[in-house]
Every structure is written in structure tokens, then in C-alpha cells.
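First up is the structure itself, then whatever we jot down about it.
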Amino acid sequence: MGDKAQPEQEVFTSADRIRQLNEVDKDVTRLIHSAGLAIQALTNAKPIPSDSSPAPDGSLDSHKARFKEATSQYFALLSSIDVRLRRQVYALEEASALAPERDWGKAARTDVSAGGSGAANPLDISRLNARKDTTGKDKEAELWAAARQFVEGIEKPHSQDKANDPDNMQTD
């Protein structure tokens, strides 16, 4: 059997890595903008016209289309940012500038037992949250519950006003 040649990996310099992180930073701004557009599509506010989407007519279908377009862009950007940041973390691990994630618990125990000022604080909240993959899901559930409560609070006064409105009374 013939030897299979290993594919040559592209080597990035520190300047290349910084440029890549700068691009991620720009995409985070675009991510926030697309989230704002999605939220705006759910309101009756006049949308900002853009080159990529037709002028909205205020119909429900128009709102749905704008929301779908903005959320699609949001999730595409989110996925892209996630992948690129993971690549940066892996590059740091390969360069031994960052302990691999599987070794973080070991490093934390070493830092605590040494009682000292190791490279990282084992009780750092960002490190603890990075190890728990349900943090985002928990926060999302919390936000959905708050949104539901808000919407229910808006609907109740409107239904009570109509029930007490003498002009809205039905007669035989």
C-alpha cells in the first residue's frame, strides 16, 4: 500500500490571528445588528430600508419575511463566529498558551492546592461557565418566561377595557 501524504496545514502568524479576531469582532457587530432587525420586525416601528430587502408594506407577511431573513442571518453569523473562535482557542492550545479544556480542572486543583497566584483563578466565573453547557439554555428559558409574562401583562388590560366598554356592549 502507498503512503498517504499528510495534508499541509496552513501556518498562521500572530498578525494573521489578530486579523482573524478583528474579523470576528466585526461579525459580532453584524450579529447584534441582525438581532435588532429581528426584534424590529416583531414591532410596528418603521423599519430602516436596506438594499437587500424590499420595502416593507406593514402586512403580517412582510413582518414574517423580515423576521425570517434577520434570524437566518443571525444564526448563520452566530455559527460562523462560534467556529472561528473555537479555531482560535485550539490554536492557543497548540501553542501551549492555553491549557486544553480537558486539563482545566487539573490546573484549577493545582492552583488551589498551591494556594497561589497561578496563571488562572480556578473560581473565575467565565471558566466555570465555560465548563457548563446549559448556561445559554437556562438563560434563554429565563428570557422566554419574562417575555411571556410581559405579553400576558399587555393582553390583560386590553381584554378588561373591552369588557367594560359601554360602546362594545351587545344588545338583543
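No lab work stands behind these numbers, since they all come straight from the coordinates. What you are looking at is a predicted structure, and each value in this text was computed from that prediction instead of being measured. Neighbour counts run over all protein chains shown; Cβ positions are idealised from the backbone, glycine included.
A simple rule links phi to the HN-Hα coupling: the Karplus curve 6.51 cos²θ - 1.76 cosθ + 1.60 with θ = phi - 60°, which for region 77-92 gives 5, 4, 5, 4, 5, 4, 4, 5, 5, 4, 4, 5, 5, 4, 5, 5 Hz, with x for Gly and Pro. Highest-first packing order for the peptide set 78-85, 138-145, 36-43 is 36-43, 78-85, 138-145, based on the mean count of other beta carbon atoms within 10 Å.
Net charge within 11 Å of Leu42 by Cβ-Cβ distance, Lys/Arg positive one each and Asp/Glu negative one each, not counting Leu42 itself? After counting each charged neighbour, the total is +2. 3J(HN,Hα) along region 57-62, derived from phi through the Karplus expression 6.51 cos²θ - 1.76 cosθ + 1.60 where θ = phi - 60°, amounts to 9, x, 6, 4, 4, 5 Hz, with x in place of Gly and Pro. Report note on the peptides 18-29, 65-76: ranked by the mean count of other C-beta atoms within 10 Å, highest first, their order is 65-76, 18-29.
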